[in-house]
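Reviewing the structure listed below.
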Amino acid sequence: MPGRLDGKVAVITGATSGIGAATARCFVAEGAHVVIAGRSEERGSALAAELGARAIFHRADVMHEAEIAAVVDAAVSRFGTLDCLFNNAGASTPGELETITEEQFDFGMKLLVGSVMFGIKHAARVMSGGGSIINNSSIAAHRLGQGGMLYSAAKAAVSHITRIAGAKLGPNGIRVNSISPGAIATPIFWGGSAKAQTLSAEDNARKLAKLSGNLAKATPLPRSGVANDIAYAAVFLASDEGSFINAHDLVVDGGRIAQFYERPPLGSEEPV
C-alpha cells in the first residue's frame, strides 16, 4: 500500500533526538523524503544512515536565519521541492518574571519564536505549489502552570503566529498549523538531548520510566505521552488527510489541560 506521505519532501528541525527523530522515522515510513536538520553531526548522520536513501542530514542551528534558509535550499536541491516543514527545534528556556535576564529573554525568543518565524518565511518562498508548515507549540501556550513564564509566552507566540501565517498563506495553498504537546515523556524534562547524551543508557531509561509514571498520574488517560504521539499528529497534518485544516492548533496531551488531574490508584478514591 502507498504511504500517506508518498512523494512528499519534508524538513524537520531539531530532528536528531526526541520528537524530531520520531517524526523523521514516521515520515520516512510513510514514504516521504526527509531532511534531518539539527546541530549534532553524530546523531543526525546516524539517523540518516538508519533511515536510508530517502533521508539526509543537514547541520543547522535554527538560532540563525541563514542556516534555516540553507536547510530549506538543501531540501530543494536534493529532492527537487519542499512540501512540508516541521518547525520542531526548541528547548526548555529559563526565565521567570522576578529573575529573568536580558540574555535569557533574547535566547528564548530567538530559539522558540525566531526559528518558527524564519522557518515559515523560507519554507513559504519555495512552496510554489502549496504545502504544509507545522509548528511545535505547547500546552504551556494555553494554560498557566505548564511551563515557565518565558517558555509559555514564547509558545503562545508560536500558536498565534500559526494563525496569522495560516490566514496569510492559505490563499497560496500553504497550510500552517501547530501541535501543542503536553505530558510527553522526553529528555527535555531532565535537560534536553544534550544532557541525555552525557548520561548512560541505564540512567536515561530510569529517568524516562520515572517521568512516564509521574506524567501518567497527571492526565485523564492512564499513560504518559510518547514522542510518536506527536509524530503521528504531524504525519496527519502533513498528509492529504489534513488538506482542509489550516491556522489550527492541535492539542495532543491526553486531556491534561482540560483539568489538572491526579489519577487515584485502583481501588482508592484518594489522589496519588
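FYI, it's all coordinate maths here, none of it is from the lab. On a predicted model such as this, the values are computed, not experimentally measured, just so you know. Cβ placement follows ideal geometry from the backbone for every residue including glycine, while neighbour counts extend to all protein chains displayed.
May I ask for the longest run of the chain untouched by GluC sites (Glu not before Pro) that are loop-located per DSSP and have at most 11 neighbouring C-beta atoms (other than their own) within 10 Å?
Working: sites that count: E96, E98, E262, E269.
The segment 99-261 is the longest one with no such site.
When the convex hull of its Cα atoms is viewed from all sides, the chain shows a mean projected area of 15.7 nm².
Residues whose amide H falls under 5 Å from that of A55, counting only those 5 or more places apart or on a different chain, are V34, with hydrogens built in the peptide plane.
Scalar couplings 3J(HN,Hα) for the stretch 145-161, obtained by applying the Karplus form with A = 6.51, B = -1.76, C = 1.60 to θ = phi - 60°, are x, 9, x, x, 4, 5, 4, 5, 5, 5, 5, 4, 5, 4, 5, 6, 4 Hz; x denotes Gly and Pro. Distances between placed amide hydrogens fall under 5 Å for L85 paired with V11, S132, I133, I134, all partners being 5 or more residues away or on another chain. Return the FRET efficiency for the residue pair Q104, M1: r is the Cβ-Cβ distance, R0 is 41 Å, and the value is rounded to the nearest 0.05. Calculated transfer efficiency: 0.25. The radius of gyration of the Cα set in the stretch 4-142, together with its Dmax, comes out at 15.1, 50 angstrom.
For the pair A91 and S243, label points projected 7 Å from Cα toward Cβ lie 4.1 nm apart.
Under 5 Å between amide hydrogens, built in the peptide plane, is the criterion, and for I174 it picks out G131 among residues at least 5 positions away or on other chains. Peptide packing: for 10-17, 32-39, 220-227, the average count of neighbouring Cβ atoms within 10 Å per residue gives the ranking 10-17, 32-39, 220-227, highest mean first.
Over 25 Å between Cα atoms: which of K121/K155; K110/K207; K8/K110 fall into that group? Before the final figure, lay out the partial values.
Details: K121/K155 18 Å; K110/K207 29 Å; K8/K110 29 Å.
Among K121/K155; K110/K207; K8/K110, the Cα-Cα distance tops 25 Å for K110/K207; K8/K110.
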